[in-house]
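Asker: Before anything else, here's the structure in question.
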Amino acid sequence: MTPVAEPYGQTALTVVRTGVTDPLVRPLLRELGEEYSTRYGKDAHGELSRYPAEEFTPPHGVLLLLLHAGAAVAGGAYRRLDAGTAELKRIWTHSAHRRRGLARRVVAELEREAALRGYRRIYLTTGPRQPEARNLYLATGYTPLFDTAADPESIGPLPFEKHLAAPDTGET
């Protein structure tokens, strides 16, 4: 785990890079499973365990959490889709901490990490019954790869992409 403290209200928000098996990740997976099951009417735990844990570990992937007072309040991950593309997965904000910009912070941190690892494109999909996620990706500069005027239910998973600039290393 690599903590980095950032301000969050009166106490610090810590960014932690960790693994899928870390007990701190359990709230993320539990609440995501409940959310997906409620929205889509089927058990989503199979979807959440669809990818091997090692896909979300360096050098090709990462899983990070935002911790507040030692508890996970937001998180997300990316995995390698191809040599130049990282795929965002499991972007989550705890239900008690929503509407505070935490998902934006998670996405920005994942983008920064991906760029540092040489990825130049981010790809992701979100479900048609997740308008908050759709709005997040549109608001953070992702290009929809679908007709935004169409009924999301008629499309299925909604794909997005964003091209990343090479990180500024400070060298000239």
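Asker: In units of 2.2 N^0.38 Å, what is the alpha-carbon radius of gyration of region 39-130?
Answerer: Here the answer is 1.10, to two decimals.
Asker: If you find the alpha carbon centre of region 81-107 and of region 31-68, how far apart are they in angstrom?
Answerer: So the separation of the two Cα centres works out to 11 Å.
Asker: Okay, moving on. Per residue of region 59-72, in order, report the coupling 6.51 cos²θ - 1.76 cosθ + 1.60 (Karplus, θ = phi - 60°) as ³J(HN,Hα) in whole Hz, putting x for Gly and Pro.
Answerer: Result, ordered by residue: x, 9, x, 7, 10, 10, 10, 9, 10, 10, 6, x, 10, 5 Hz.
Asker: Now a separate question. Apply the a/c threshold of 1.5 to the C-alpha gyration tensor of the chain and tell me whether it is rounded, prolate or oblate.
Answerer: rounded
Asker: Right, another one. Could you list which residues have their amide H under 5 Å from that of L13, counting only those 5 or more apart in sequence or on another chain, with H placed in the peptide plane?
Answerer: Counting only residues 5 or more places away or on other chains, the set is E6, Y8.
Asker: Now, a different point. I'd like the carbon and sulfur percentage of the solvent accessible area for the chain, probe radius 1.4 Å, heavy atoms only, ligands and nucleic acids excluded.
Answerer: Heavy-atom surface of the chain belonging to carbon and sulfur, 1.4 Å probe: 53 percent.
Asker: Between rounded, prolate and oblate, where does region 84-160 land on the alpha carbon gyration tensor, with a ≥ b ≥ c its root eigenvalues, rounded for a/c under 1.5, else prolate if a/b exceeds b/c?
Answerer: oblate
Asker: Per residue, how large is the accessible surface of the chain? Use a 1.4 angstrom probe and give square angstrom. Write down the numbers at each step before the final one.
Answerer: On the way: 9030 Å² over 172 residues.
On a per-residue basis, the chain sits at 53 Å².
Asker: So between E132 and R39, what do we pick up on full extension, going 0.36 nm a residue minus the alpha carbon distance?
Answerer: Answer, rounded to one decimal: 32.2 nm.
Asker: Residue-wise, which Karplus ³J(HN,Hα) couplings in Hz belong to region 88-98, taking 6.51 cos²θ - 1.76 cosθ + 1.60, θ = phi - 60°, and x for glycine or proline?
Answerer: 6, 9, 6, 5, 8, 10, 3, 4, 7, 10, 6
Asker: Sum -39500 (n - 2.57) across every DSSP H segment of at least 4 residues in the chain, then divide by the residue count to get the 222 nm mean residue ellipticity, nearest 500.
Answerer: Computed mean residue ellipticity for the chain: -8000 deg cm²/dmol.
Asker: Leaving ligands, DNA and RNA out of it, work out the accessible area of H45 with a 1.4 Å probe and give it in Å² to the nearest 10.
Answerer: H45 exposes around 90 Å² with every protein chain in place.
Asker: A further question on this structure: For the chain, calculate the relative contact order in percent as a whole number, restricting contacts to Cα pairs under 8 Å that are 6 or more residues apart.
Answerer: Working: 289 pairs, mean separation 28.0, N = 172.
Reported as a whole number, the value is 16 percent.
The values are calculated or read from the model by the stated rules, or taken from the named source; none is laboratory data. Please read all numbers here as calculations on a predicted model, not as lab measurements. Heads up: the accessible areas ignore ligands, DNA and RNA and are worked out on the full protein's heavy atoms, side chains in. Shrake-Rupley method; radii C 1.70, N 1.55, O 1.52, S 1.80 Å.
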